[in-house]
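Novice: Handing you a structure now.
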Protein chains: 2
Amino acid sequence: MATMKKTSLSWRVGRHPARSATPTAWMPATVPGAVQLDWAHAEEWPPYWQGENFRAYDGLEDFYWTYEARLEFLDLAEDERLFFVCGGVDYHSEVVLNGKVLLEQEGMYAPLEVELTGARNGDTLQVIVHPAPKSRPAPPDRDQANSSCKPAVSYGWDFHPRLIPLGIWQETGLEIRQASHLRTVVLDYALTDDFSSATLSLQVALSQPIKGGLRWTLLSPLGEIVFIEEQPTGPDQTFHLQSSVAKPQLWWPHDQGDPALHILRVELLDASGNTLDSHEQRVGFRRVRLVMAPDQWKWPNVFPLTRSHPPITLEINGRSIFAKGANWVSPEIFPGLLARETYVTQLNLAKSAHMNLLRLWGGAPAQKKAFYDLCDELGLMIWQEFPLACNFYADTPAYLRVLDSESRALIAKLKPHPSLVLWCGGNELFNHWSRMTDQSLALRLLGSNCYQLDPARPFLPTSPVGGMAHGHYIFRDPKTGEESWSMFQRSHNTAYCEFGSASPASIEVLREIIPESELFPPKPVGSWLAHHAFGVWQPTSHLYLDVQEYYFGPPENLEQLVERGQLLQSEGYKGLYEEARRQKPVASMALCWCLNEPWPTAANNNLIAWPSRPKPALAAVGASCRPLLASARIRKFVWNEGEIFDPELWWLNDAPHAIPPGKMEARLETADGQRYPLLTWEAPPLEANTNQAGPHLRWKIPNLGNERFDLVLSTPDQPEAESRYTLLFRAAQRAETATTTVMNTVVV
Amino acid sequence: MATMKKTSLSWRVGRHPARSATPTAWMPATVPGAVQLDWAHAEEWPPYWQGENFRAYDGLEDFYWTYEARLEFLDLAEDERLFFVCGGVDYHSEVVLNGKVLLEQEGMYAPLEVELTGARNGDTLQVIVHPAPKSRPAPPDRDQANSSCKPAVSYGWDFHPRLIPLGIWQETGLEIRQASHLRTVVLDYALTDDFSSATLSLQVALSQPIKGGLRWTLLSPLGEIVFIEEQPTGPDQTFHLQSSVAKPQLWWPHDQGDPALHILRVELLDASGNTLDSHEQRVGFRRVRLVMAPDQWKWPNVFPLTRSHPPITLEINGRSIFAKGANWVSPEIFPGLLARETYVTQLNLAKSAHMNLLRLWGGAPAQKKAFYDLCDELGLMIWQEFPLACNFYADTPAYLRVLDSESRALIAKLKPHPSLVLWCGGNELFNHWSRMTDQSLALRLLGSNCYQLDPARPFLPTSPVGGMAHGHYIFRDPKTGEESWSMFQRSHNTAYCEFGSASPASIEVLREIIPESELFPPKPVGSWLAHHAFGVWQPTSHLYLDVQEYYFGPPENLEQLVERGQLLQSEGYKGLYEEARRQKPVASMALCWCLNEPWPTAANNNLIAWPSRPKPALAAVGASCRPLLASARIRKFVWNEGEIFDPELWWLNDAPHAIPPGKMEARLETADGQRYPLLTWEAPPLEANTNQAGPHLRWKIPNLGNERFDLVLSTPDQPEAESRYTLLFRAAQRAETATTTVMNTVVV
């Protein structure tokens, strides 16, 4: 139906040391892509993700790069116009026609558009890419990113090598459009308080006035026409259309209902009713708010009196939802490589693990459109951050100008996606390593743009704000001896938006990225070091051999090291996700750090290894995120013979329906098949989206005769809710101190 | 120089029950003023502030009121235009010419302007005022104000009767202007980091283009020309002029330097260089920021980790300042009565009490221009709130539209004032009695407007935010037995923005407002009740006879009641102001609730009684706010014979200069002239704007033989810093329990 014609261009690329110079050699360019990938391909470099090969890319970030293509097929009809259109150049670019600069732009998110009507076949089109932005030349660290909207992660992070991509990263080509075409189409809607109807408000801007008409059509999720309306266009260039929909099918996150998507079609018609241009987008009707947890207004209650914590509970269509999920970091170092297939695999893995929210962390780039489309379809909620992370972004006019245009572009691009439920200024900006505050102009600008352009969506200046918390990222803190389970159990936060439990990568991944000669034992040099097993954030992170050896002693081989490390990660995450859930409704969010990774690490907190390989912990997290779950609050990981084993039993229900009464049976199991029944709890019925605390078990541990044992919570009436926790046992001769003798009793 | 001609109008006013009706009788109207005052004058009602007379005004708020005037002297030259100009109508109004509605507006802050060119002598101009806005008809409480920008205090507060003013409250009249005149003039400036120069940016909009010129002149505080620049005007209607000033004399709050004011003059010239229109405003060059207190980034320091508190320390021209002051409530019930003379008196009283910051509380109306002009001149800093207070202002489009125009009008009006250092969304909105949050659209709107129109000035969404605190408002909490001194001493807040210590009004005031027959003993009925002595906020507030009797027993007469109550207020406030100061730099603000009052209360937390009569506590607060102060942290108010008297001694310095070493001598004095020397502290030198903790005194109290005694801190080297605290003594037979015997020692 659209009469727009699109043409791709055939690009080559070359580098030059200064803006005034020109390339002395050219290479074939893949667009979208990255100049470094084109260079590496031409030079036949080995993969950047193996060993320490990435170090070869160091110098490339400081060159200018010119993409060049010849225009072809430019025969335009009289009422046609030619445009060069590019979804995004990373990062600072110029568009040049036959040597004349037509556009200069800083920022990777604002699309570039230049009218080329009048250009001739054979004309030379260039996109000149400037060197990576740096606020100071050295040292090479993330502070260099503190005056630009370039994702800070590229400057080096504890899971990302120093490698700063440059180049055209989004779809790019020529478009032939009618002289009068749709410039912008913006839909807003509002649902009535009972969700029984929606009022739609459509803002349309044309490139130039035309005597014709605007037709807009709404199709239901089943493809039926909900309405089709038309109005004449005359001398105006902008139009405001309104309509309403009775009983719209609502969009829900997948664990609360169906993610129903309508389709909106807008057509520009000429006087004869022919379609000159058209626009199509999906529409998910839903209302999102951040609301206070019940009773949270009671605090504080002591004079002098400060404020109550800000709200962080996601309410969708009037229903408060416990958000379970993870931090999403870009799954590629080079955004030009981001592919729909990767998104399909990883988002389905997240959904299968019962996640309903992904936080798109501000250190990494925002994703390509396919990502948000898939989240809309899958019913996965998105928290999107702007490109600020762990830095002090100062109030300089030049930076604020770029942030203004970049944020406006991101808001315009992502506003139509119902999966997007939260804007956020960026990561950890109100902590001492960033030192930004509520008064920082960058954050006031972002708040203002979000309010002006997208007021129906909540906005947070950063994460964490008051009541929310990040961390810890360690199974056991060697300084205090405290385990992460207990850190959560003594906390009363409203949202746990980052917490980590690390493990080594799987054997298969390690063999791919680490030369055989370095593999075992791992040492803090070479490829283990380069792939983040040592000396990132903490001296022993992310491999944490010290933590592993505290529990198990030194590993005998790589297989044992990986198995033990992955067990700690799995059990660590289970204890944290479930504790956050047990704190519902005061807490309403549990997002681990992190879901995925942009290249293969040797050790990391992630659940999915690059490119898309699940670690065992993904299944463990999936188990802990099941909507209905028998759960145990366990104080610690190691239990000694003669000690009182004292977990608290809970029923956790995040599902939108009630659960009938049923039994929960607790028992211990050892690897050699011994079973120790502990108790049977006759659990009451459970309301929708509600937890129920159960008995506090107390049971004196005999000699189990195994290094490991499982606590099993069996739920014969709801078999899908059964849980299993693996713990360590130490026989009496290894026990530190015998505790006082207590009879085996159950405290309900 | 200005060629604008102004004409006042002669108004009459009448009331009618419906918009469609017309007044059946007319009364003379005072403009600016209020319809209720015109009515009361015509009806010869007794003063509203005596006894319970205000109750007669109850019904007036629900009428429509029409002001009417005849146009006169309208002979215009060809290039002249006639405008009706009104600074503000309280609250919802229409401007009508010969029966035709020319303008309808909701909101008291946005000025009204209607071009009347073409009107004839004798035409009838009307301003129709709608009934007071109410979100629901009953009950008559402040919730009725939650959908409008009407100051909530008028709907009844614990110091304000229910009385909702209506009418024209600002200057109003006709203006004859040249066809081309200045529409808006907006000056922005930025200071370099070392304050050695300012760049000025002037935005000018004309009513219509003219071939002529724009001249702008900056005069120094001494009246010397800093620059005079001119540029031609042509076909454009808007202009952007830039200039710079080297070494500008800076504006400072009075206790840190001189409040230097430059003058900016902008003139519109015709082709011959004649002035067609001119604009003049004062300019105070200063940079204001909210900054973190030193070391505050260290907290929190435990995983899971939340944010650091937001900054609240005022930094002026690079210097962190401890803000001392009070909450300013409008000194009149009727804003039309606000007079420059009242401002002169009360602002000078505040300055004399060493206050440097006034918080213009959001429950009361913003003030007339003279207020801000005086603060500029006196070097008093202003924290200005928008009209939201203690209510849930919902996200309704109609309310947001009015808030948008009202806030834009306030920002435009107040932006030029250097004394204004902080915008704030309103009072106590993030507490359970308001239930607004960071996500409330009203506050997102205000944040956005402040950022867009006035980004160089800090913005708070409300008070308190995290770290800041309000209260307590009671000398001794009867529920817990804790005194307000100790509440502050156990707190670690960043700013104490409201705290109260109540007292009865002086005898003179009480005799004016309470009929002789009711005067003593006070009872919770009639005038004592109506004037807030009982049953407001707490059953016994604000007279707090229970608290007074706890310390002194029942008063024998009114004089004794007043003396004891005013002593408690004075000593209460001293302990709170000084404790906040002792907590510097973690704390950086101490603002009592409240400075003044809009009518004469019988008991209140205020320091200045209506209309402008200081209570004794004003002098006590002034003593505690002296820049250099010998101060004692005293745990409690009553001391028993045999107890260990254990104040901590401090030197407090808020002055911008250092203090040499000196002695501080502590002694006790009784009313009958006994003196007990306690210790002499050889204090070290003190840096500018810095405190110094001194000895922790410990001294066993003998029988002092008096009900009261004074702790005196004498400072012979800095006599202006001497302090005196009055405390209560109870001899052994009245002592509750003897404490353990400790030798008189000094812990340094």
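Novice: Residue B:101 label point, 7 Å along Cα→Cβ, cut-off 11 Å on backbone N: hits in segment B:1-36?
Specialist: B:19-20
Novice: For residue B:30 and residue B:370 in the same chain, what is the full-extension length gain: residue separation times 0.36 nm, less their Cα-Cα distance, in nm?
Specialist: 120.5 nm
Novice: What do you get when you divide the Cα radius of gyration of the protein assembly as shown by 2.2 N^0.38 Å, with N the number of residues?
Specialist: Rounded to two decimals, the normalised Rg is 1.02.
Novice: Using +1 at the C-beta of Lys and Arg and -1 at the C-beta of Asp and Glu, which of A:367, A:233, A:33 has the Cα lying farthest in the positive direction of the dipole of the protein assembly as shown?
Specialist: The Cα lying farthest towards the positive end belongs to A:367.
Novice: Next up: Taking Cα atoms, how many degrees apart are the long axis of helix A:441-453 and the longest axis of chain A, rounded to 10 and kept between 0 and 90?
Specialist: Tilt relative to chain A: about 70 degrees.
Novice: Continuing with the same structure: Order B:50-59, A:368-377, B:222-231 from most to least packed using the mean count of other Cβ atoms within 10 Å.
Specialist: The peptides rank, most packed first, as A:368-377, B:50-59, B:222-231.
Novice: Across peptide B:439-452, how many C-beta atoms of other chains are within 10 Å of each residue C-beta, on average?
Specialist: Rounded to a whole number, the mean comes out at 5.
Novice: Could you tell me the distance between the Cα centroids of segment B:216-259 and segment A:307-325, to the nearest Å?
Specialist: The two parts, judged by their Cα centres, are 50 Å apart.
Novice: For the peptides B:601-613, A:12-24, what is the packing order when you average, over each peptide's residues, the other Cβ atoms within 10 Å and list the highest mean first?
Specialist: Highest mean packing first, the order is B:601-613, A:12-24.
Novice: Spelling out what I want: for every residue of segment A:455-460, take phi, set θ = phi - 60°, compute 6.51 cos²θ - 1.76 cosθ + 1.60 (Karplus), and round to whole Hz; glycine and proline get x.
Specialist: The phi angles translate into x, 7, 10, x, 9, 10 Hz.
Novice: Further question on the same structure: In whole Å, what is the distance between the alpha-carbon centres of segment A:564-585 and segment A:462-486?
Specialist: So the two Cα centres are separated by 12 Å.
Novice: Report, in degrees rounded to the nearest 10, the 0 to 90 angle that the Cα long axis of helix B:340-352 makes with the longest principal axis of chain B.
Specialist: Approximately 30 degrees, to the nearest 10.
Novice: Using a 7 Å offset from Cα along Cα-Cβ at residue A:670, what residues in segment A:617-642 end up with backbone N under 17 Å from the label point?
Specialist: Residues passing the 17 Å test: A:638-642.
Novice: Per-residue mean of other chain beta-carbon atoms within 10 angstrom of the beta-carbon, peptide A:431-438?
Specialist: 6
Novice: Follow-up question, since we're still on this one. Less than 27 Å apart at the alpha-carbon level, and either on another chain or at least 8 residues along: which lysines does that give for residue B:324?
Specialist: In chain and number order, the partners are B:298, B:351, B:368, B:369, B:413, B:415, B:574, B:584, B:615, B:636, B:663.
Novice: Let me check I've understood the local charge: for residue B:411, count other residues with C-beta under 15 angstrom from its C-beta, Lys and Arg +1, Asp and Glu -1. What total comes out?
Specialist: +1
Novice: Defining a contact as two alpha carbons under 8 Å apart and six or more residues distant in sequence, what relative contact order in percent does segment A:76-197 show?
Specialist: Computed over segment A:76-197, the figure is 31 percent.
Novice: Net charge near residue A:521: determine it from the other residues with C-beta under 12 Å of the C-beta of residue A:521, scoring Lys and Arg +1 and Asp and Glu -1.
Specialist: Net charge around residue A:521: -2.
Novice: Positive end of the dipole of chain B, charges at C-beta (+1 Lys, Arg; -1 Asp, Glu), about the Cα centre: which of B:86, B:499, B:45 has its Cα farthest in that direction?
Specialist: B:499
Novice: Summing both sides, how much accessible area is buried between B and A? Use a 1.4 Å probe and give Å² to the nearest 100.
Specialist: Looking at B and A, the buried total is near 4000 Å².
Novice: With unit charges on the beta carbons (Lys and Arg positive, Asp and Glu negative) and the dipole taken about the Cα centre of chain B, which residue among B:337, B:18, B:644 sits farthest to the positive side?
Specialist: Toward the positive end, the furthest listed residue is B:644.
Novice: Which distances, in nm and shortest first, link the residue B:100 label point to the same label point in every other copy, taking 7 Å along Cα→Cβ?
Specialist: Result, one decimal in nm: 5.2.
Novice: Using protein chains only and a probe of 1.4 angstrom, how many square angstrom of residue B:440 are accessible, to the nearest 10?
Specialist: 10
Novice: Can you tell me the 0 to 90 degree angle between the C-alpha axis of helix A:397-414 and the longest principal axis of chain A, rounded to 10?
Specialist: Roughly 80 degrees, rounded to the nearest 10.
Novice: Taking 7 Å along the Cα-to-C-beta vector as the label spot, tell me the residue A:225-residue A:733 distance in nanometres, rounded to one decimal.
Specialist: Output for this residue pair reads 8.5 nm.
Novice: So, one more: At 1.4 Å probe radius, can you tell me the per residue accessible area of the protein assembly as shown in Å²?
Specialist: Counting only protein heavy atoms, the per-residue value for the protein assembly as shown is 36 Å².
Novice: Roughly how big is chain A's charge dipole about its Cα centre, with Cβ charges of +1 (Lys, Arg) and -1 (Asp, Glu), in debye to the nearest 20?
Specialist: Charge dipole, chain A, about its Cα centre: 1240 debye, nearest 20.
Novice: Using a Förster distance of 22 angstrom, determine the FRET efficiency expected from the C-beta separation of residue A:62 and residue A:158, and round it to 0.05.
Specialist: Step by step, r from the Cβ atoms, then E = 0.40.
Novice: For segment A:628-739, what's the relative contact order in percent, using C-alpha pairs closer than 8 Å and at least 6 residues apart?
Specialist: Reported relative contact order: 36 percent.
Novice: Quick check: Cα centre of segment A:434-449 to Cα centre of segment A:488-533, how many Å?
Specialist: After rounding, the separation between the Cα centres reads 34 Å.
Novice: For residue B:398, place a label point 7 Å from Cα along the Cα-to-Cβ direction in every copy; what are the distances to the other copies, in nm, shortest first?
Specialist: So the label point of residue B:398 gives 5.1 nm to the other copies.
Novice: Rounded to the nearest 0.05, what FRET efficiency do residue B:348 and residue B:628 give with R0 = 22 Å and r taken as the Cβ-Cβ distance? Could you check?
Specialist: Plugging the Cβ-Cβ distance into 1/(1 + (r/R0)^6) gives 0.55.
Novice: Based on the alpha-carbon gyration tensor of chain B and its eigenvalue square roots a ≥ b ≥ c, which shape applies: rounded if a/c is under 1.5, prolate if not and a/b is larger than b/c, or oblate?
Specialist: The shape class here is oblate.
Novice: Averaged over B:485-495, how many beta carbons belonging to a partner chain fall within 10 Å of each residue's beta carbon?
Specialist: Whole-number average of other-chain Cβ neighbours for B:485-495 is 2.
Novice: What nm distance separates the two modelled labels at residue B:4 and residue A:340, each placed 7 Å from Cα along Cα→Cβ?
Specialist: Each label point is offset 7 Å from its Cα along the Cβ direction, giving 6.2 nm.
Novice: Now a separate question. At 7 angstrom along the Cα-to-beta-carbon line, where would the label on residue B:732 sit relative to the other copies? Give the distances in nm, shortest first.
Specialist: For residue B:732, the other copies' label points sit at 6.3 nm, shortest first.
Novice: What percent does the relative contact order of chain A come to when contacts are Cα pairs within less than 8 Å and at least six residues apart?
Specialist: Relative CO of chain A lands at 10 percent.
The values are calculated or read from the model by the stated rules, or taken from the named source; none is laboratory data. If you're wondering where the values come from, they're calculated on a predicted model, not measured in any experiment. Using ideal geometry, Cβ is built from the backbone for each residue, glycine included, and neighbour counts are taken over all protein chains shown. Note: areas computed on protein heavy atoms with side chains; ligands, DNA, RNA excluded. Shrake-Rupley method; radii C 1.70, N 1.55, O 1.52, S 1.80 Å.
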